[in-house]
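Enquirer: Sending over a structure as structure tokens; questions will come in a sec.
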Amino acid sequence: ISAPLMRIVTAGEQSPLIIGATGRTLLAQMTDSEIEEVLAHSDCAKIDSVVLRNRIEIVRKRGYDVARSERVIGATAIAVPIRHRLAGGAYYCMAIVASSARADDRLEELTYMLKKFGQMASRELGSN
């Protein structure tokens, strides 16, 4: 792949929650009515809302999401929620982003480690 694996995010920059592993991981922690509100204020022209809702259900069941070349061409992202007892859910997430050529061969291992670290961080924040 000739595209550079770089994405610079500036302070205050906003990205739509409907695209990428981190966004969908955060959406999966929301109630259905909160998701509907997000969808009502998002540019859904790029994505089928039924497909997105199905994907969110998958993220809820398995506890993580994976995205390939969604935000950065040639990159794979894995994201897990970080829960906080005072927040009543997950307002944070942790992610690994790497070259797809490197990450895809180790996806199972990286996902396992990230889920472990996400659980540790959640426990440190007082979540069960």
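The values are calculated or read from the model by the stated rules, or taken from the named source; none is laboratory data. Everything quoted here is computed from the prediction, not taken from an experiment. Don't worry about glycine lacking a Cβ; one is built from the backbone with ideal geometry, like all the others, and counts go over all protein chains shown. SASA here: full protein model, heavy atoms, side chains in, ligands and nucleic acids out. Shrake-Rupley method; radii C 1.70, N 1.55, O 1.52, S 1.80 Å.
Enquirer: Hey, does segment 75-94 have a residue that's farther than 23 Å from Met30 by Cα, of a type in the set (S, T, N, Q) and surrounded by 13 or more Cβ atoms within 10 Å (Cβ to Cβ)?
Expert: yes
Enquirer: Hey, which of the strands (runs of 3 or more DSSP E) in segment 16-110, taking only ones fully inside, have at least 1 residues that are of a type in the set (Asp, Glu)?
Expert: 65-68
Enquirer: Next up: Ala121 passes all but one of (1) over 14 Å from the mean Cα position of the chain (by Cα); (2) open to solvent by 30 Å² or more (accessible area, probe 1.4 Å); which number fails?
Expert: Answer for Ala121: the failing condition is (2).
Enquirer: Suppose we keep only residues that are of a type outside the set (Val, Ile, Thr) and touching a Pro at 6+ places or on another chain (Cβ under 9 Å) within segment 45-82. Which one would you say is farthest from Glu108 (Cα to Cα)?
Expert: Lys46
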